[in-house]
Every structure is written in C-alpha cells, then in structure tokens.
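Trainee: Here it is: the structure, laid out below.
The values are calculated or read from the model by the stated rules, or taken from the named source; none is laboratory data. Since we're looking at a predicted model, the values are computed, not measured. Note that each Cβ is placed from the backbone with ideal geometry, even for glycine, and that neighbours are counted across all protein chains shown.
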C-alpha cells in the first residue's frame, strides 16, 4: 500500500508533509526518489509562498497580486501531477490548496475549480486591467508594431487580456487594410469614369439644344450671383452692346 504525502506550503517548512497517522511533520524532498529538476521546482514554489510574508514585520508584508495567486496554484497543480508520476507506485500525493483552504485528492477536480475561479476572477479583474491594455493597444497601433503572447497553462487574467489585445491589434490591422482596399476600389471606379468614349456619347434629353452658333461662357462667381440664367446674361450683354453701338454712332456724327 503506497504511503501518503501531502503537497502543502507553510512558512519555514518544506513543501512536502507526511499524510499518515503514524508519521507527521514536513519532509525533505531530497530524501525522496525525485529528479533534481522537480526538487528545484519545489524549492522555488515554496520560496514564492515565503515571499508573501515579512517575518520581521508582518504588517510590512508585500501585497500579493491576484495573478500571482493564480500562477502559484497552477504551479502547485503541475507539481502535484509530476510528484505522483515520479513517486508512484510507492507514494500517493494529495494537495492542499492555500487559496481554497481545501485538500484535494483528484487533480481533475482542482483543475476544474481553478478554471471556474479564473472565469469569475476575469469578470472583476478585467475592469482593472482594461484601461492599461487600451493604452498599450493605442501605443502599439501608433508604432505600427505587433505583440505576440503565448499564454502558459493556467493563464492569468492579464494574459487573457493581452490575448484579447492581440485580437484587437489584428482587428485594427484588418480594418486599416479594408479601408485601403475600399479606397483603391473607389479610386479605380472613379478613374474608369474619366475615360469617356466620345463615339457613344448621347445628348442630354433634359437640357436645351445648343445650336452651332451658340457658345459656352464661364461666369465668375460674383457675376453668376447676379445673372442666374442665360436670359439674364443675354439681356445685359444686349443692353451693353446697344450702348456701345450708340456711343460709336454719336462719335461718328461729330466728324
């Protein structure tokens, strides 16, 4: 029958404990048939927990961020699976979650609970990180660069936010490319209108016919404000023409 060991952190202790009725206390990882890589991971995991408390002055302990708690629990789950793999069949390892204050014997149940907790956490914490993410997003767009994030297993809300940030960057890029494509299409459509085929041009049925003796004159804006129609222009010019003819007639009579 395998002996039971509990994976659990506490201040000033090894992260492994006996979970037997006749054996108590913490357990040195070096005394177990574990790989050096796993032993070092255990030490680092325990150090991360120790760093939460200032033993000299507990009131001056650093603030533990929510994403740090999440990362710690996911690392604990990973270590738990690794320990059971390396210590089987002589030992059976259970896990105590300091976050949930609960002992787990099934890693799948802990993983499910961590994922549910992550979803609830994201709903509240996303509001806190959203402003910073938006600012970073604006900066990335301004610099025309890309950011690629590869979230590890047990990704925190920040990593999830950054993943959404990557999606936003891709959307913004696609939006800009779409605008450029639309502008190109409009430009090409406009250009096609400029190439008239004069052989197939037909008169405008809604305009007055232009005779061979008619000419087209462009009026300056200030003149066009006074003379609104062709009749107005022709009447004014006829009056001016008659004045000029009359003046010439008087001039000729003087001689």
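Trainee: If you go through the stretch 63-107 one residue at a time, how many are under 37 Å from the mean Cα position of the chain (by Cα) and part of a helix (DSSP H, G or I)?
Mentor: Qualifying residue count, the stretch 63-107: 18.
Trainee: Output the number of residues of the stretch 95-122 satisfying the condition of being at pLDDT below 85, in contact with a helix residue (DSSP H, G or I) (Cβ under 9 Å, 6 or more places away or on another chain) and exposed (fewer than 13 other Cβ atoms within 10 Å of the Cβ).
Mentor: 0
Trainee: So how many residues does the stretch 1-46 have that are assigned to a loop (DSSP other than H, G, I, E, B) and surrounded by 15 or more Cβ atoms within 10 Å (Cβ to Cβ)?
Mentor: Looking only at that region, the number is 8.
Trainee: How many residues does the stretch 6-19 hold that are modelled with pLDDT of 95 or more and in contact with a helix residue (DSSP H, G or I) (Cβ under 7 Å, 6 or more places away or on another chain)?
Mentor: Total meeting the criteria: 5.
Trainee: Still on this structure: Within the stretch 47-62, work out how many residues are outside any helix (DSSP H, G or I) and surrounded by fewer than 10 Cβ atoms within 10 Å (Cβ to Cβ).
Mentor: So the count comes out to 3.
Trainee: Something else about it: For residue 88, which of the numbered conditions (1) touching a residue at least 12 places away in the same chain (Cβ under 8 Å); (2) loosely packed, with under 15 Cβ neighbours inside 10 Å; (3) farther than 28 Å from residue 112 by Cβ fails to hold?
Mentor: Evaluating residue 88 over (1) touching a residue at least 12 places away in the same chain (Cβ under 8 Å); (2) loosely packed, with under 15 Cβ neighbours inside 10 Å; (3) farther than 28 Å from residue 112 by Cβ leaves (3) as the failure.
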